[in-house]
Amino acid sequence: MLAKRIIPCLDIKNGRTVKGINFLDLRDAGDPVENAVRYCDEGADELVFLDITATIERREPIGELVKKIARNINIPFTVGGGIKSVDDVKNILLCGADKVSINSQAVRNSEIIKLSAQRFGSQCMVVAIDVRKNADMPSGYEVYIDGGRTATGLDALVHARCVESLGAGEILLTSMETDGTKGGFDIEITSLVSRSLSIPVIASGGAGKMEDFLTVFSPSCDAAAALAASVFHYHEIDIPDLKNYLQEHGIPVRV
């Protein structure tokens, strides 16, 4: 079994790390460069940087901040927010990112996934999918874009399969209803997508205690990685302790 990955997330607004609940009520969570260095030192497997207002503000992610973080860490680094073209993907990779995360544009112009994967490799292409429950959808979940502001009418599983076929190398799957609640990951949609695709799925939204990670990594769900923010930012869970806990419970992790 492949080692499961623990991934802290830096949601960035106005150059600062922030965190909210259900994509709302944002509060400050510190300097992103300092946070990135801390997570690298603590043994995080990867780091995700999401410029959460770039799409709404119609701009690219903050390139200089991406460069500063990339210079100070030595773990895989994914950057997303405001990516609209293949040139945007290239520019973010040149700033030091190892992977680029595409969310809204994967719905509005999915050709960007295919073209970017062909040019830079599928291993660079992460598609972020934000979902909310909707009983009218075949999977029971609908895709949202624009930082969770816009319903698309797309079924979550149909969209995930589509982006996989276009060359996405990984899915970052966030449940909007569980985001920031610390009540646990949404196992239903995470399990459905993980079991339906051949590419890795990163579970996101809802981590509150170590048991939540154990559940999302269990064979019944089988996420490849788990992403969290506030529990790491505010030292409610420290990554070395989490990895020791998972290892003690039979989950393969890198320590």
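The values are calculated or read from the model by the stated rules, or taken from the named source; none is laboratory data. Note that the structure is a prediction, hence the values are computed from the model and not measured. Methodologically, a virtual Cβ is constructed for each residue, glycine included, from the backbone with ideal geometry; neighbour enumeration extends over all protein chains shown.
Please go through region 85-107 and pick out each residue that is of a type in the set (D, E, K, R) and over 19 Å from the mean Cα position of the chain (by Cα). Reasoning before the result, please.
If we filter region 85-107 for residues that are of a type in the set (D, E, K, R), which is where we start, we get 87-88, 90, 98-99.
Matches in region 85-107: Asp87, Lys90.
(1) within 17 Å of Ala203 (Cβ to Cβ); (2) of a type in the set (S, T, N, Q); (3) free of Cβ contacts under 8 Å to residues at least 24 places away in the same chain: which one isn't true of Ser165, the others all being true?
That leaves (1) as the condition not met.
Hey, could you check region 153-203 for residues that are among the small types (Gly, Ala, Ser), touching a strand residue (DSSP E or B) at 6+ places or on another chain (Cβ under 7 Å) and within 19 Å of Ser220 (Cα to Cα) and say which is surrounded by the most Cβ atoms within 10 Å (Cβ to Cβ)?
Restricting to residues being among the small types (Gly, Ala, Ser), touching a strand residue (DSSP E or B) at 6+ places or on another chain (Cβ under 7 Å) and within 19 Å of Ser220 (Cα to Cα), the top hit is Ala203.
Look at region 118-159 and say how many of its residues are touching a helix residue (DSSP H, G or I) at 6+ places or on another chain (Cβ under 8 Å), over 16 Å from Asp186 (Cα atoms) and of a type in the set (A, V, I, L, M).
5
Could you look through region 27-59, keep only residues that are at pLDDT below 60 and touching a helix residue (DSSP H, G or I) at 6+ places or on another chain (Cβ under 8 Å), and pick out the one that is nearest to Gly147 (Cα to Cα)? Spell out the reasoning first.
Kept after step one, since they are at pLDDT below 60, are these residues of region 27-59: 27-29, 52-59.
Right, trim to touching a helix residue (DSSP H, G or I) at 6+ places or on another chain (Cβ under 8 Å) and you get 29, 55.
On the way: Ala29: 19, Thr55: 8 Å.
Applying the filter and picking the extreme gives Thr55.
Hey, any hits in region 186-204 for a residue that's in a loop (DSSP other than H, G, I, E, B), within 18 Å of Ile129 (Cα to Cα), at pLDDT 95 or above and in contact with a Phe, Trp or Tyr (Cβ under 9 Å, 6 or more places away or on another chain)? Don't jump to the end; show me each part of the working.
To start, the set of residues in region 186-204 that are in a loop (DSSP other than H, G, I, E, B) comprises 186, 197-200.
Subsequent filtering for residues that are within 18 Å of Ile129 (Cα to Cα) retains 186, 197-200.
From the residues that got through so far, the ones that are at pLDDT 95 or above too are 186, 197-200.
Cutting the leftovers down to in contact with a Phe, Trp or Tyr (Cβ under 9 Å, 6 or more places away or on another chain) gives us 186.
Within region 186-204, one or more residues are in a loop (DSSP other than H, G, I, E, B), within 18 Å of Ile129 (Cα to Cα), at pLDDT 95 or above and in contact with a Phe, Trp or Tyr (Cβ under 9 Å, 6 or more places away or on another chain).
Looking at Ile112, Ile92, Ile6, can you tell me which residue is assigned to a strand (DSSP E or B) and either at pLDDT 95 or above or farther than 21 Å from Gly208 by Cα (or both)? Full working, then the answer.
Numbers: Ile112 fails: assigned to a strand (DSSP E or B); Ile92 fails: assigned to a strand (DSSP E or B).
Matching residue, one of Ile112, Ile92, Ile6: Ile6.
Kindly indicate whether Ser85 is surrounded by 18 or more Cβ atoms within 10 Å (Cβ to Cβ) and small (Gly, Ala, Ser). Full working, then the answer.
Numbers: surrounded by 18 or more Cβ atoms within 10 Å (Cβ to Cβ): no; small (Gly, Ala, Ser): yes.
Against the criterion (surrounded by 18 or more Cβ atoms within 10 Å (Cβ to Cβ) and small (Gly, Ala, Ser)), Ser85 does not qualify.
Among the residues of region 113-123, are any surrounded by 24 or more Cβ atoms within 10 Å (Cβ to Cβ), within 29 Å of Cys40 (Cα to Cα) and among the small types (Gly, Ala, Ser)? First the steps, then the outcome.
Taking region 113-123 first, the residues surrounded by 24 or more Cβ atoms within 10 Å (Cβ to Cβ) are 113, 116.
When the remaining residues are screened for being within 29 Å of Cys40 (Cα to Cα), the result is 113, 116.
Narrowing the set further to residues that are among the small types (Gly, Ala, Ser) leaves 116.
Scanning region 113-123 turns up at least one residue that is surrounded by 24 or more Cβ atoms within 10 Å (Cβ to Cβ), within 29 Å of Cys40 (Cα to Cα) and among the small types (Gly, Ala, Ser).
Is there a residue in region 206-221 that is of a type in the set (Lys, Arg), farther than 20 Å from Glu142 by Cβ, assigned to a loop (DSSP other than H, G, I, E, B) and at pLDDT below 95? Explain how you work it out, then say what you get.
Of all residues in region 206-221, those of a type in the set (Lys, Arg) come to 209.
This time we only want the ones that are farther than 20 Å from Glu142 by Cβ, so: 209.
Subset that is assigned to a loop (DSSP other than H, G, I, E, B): 209.
Restricting the remaining residues to those that are at pLDDT below 95 gives none.
Scanning region 206-221, I find no residue that is of a type in the set (Lys, Arg), farther than 20 Å from Glu142 by Cβ, assigned to a loop (DSSP other than H, G, I, E, B) and at pLDDT below 95, so the answer is no.
Identify all residues within region 147-182 that are farther than 20 Å from Lys114 by Cβ and of a type in the set (Lys, Arg); write none if there are none.
Residues satisfying the conditions are Arg149, Lys182.
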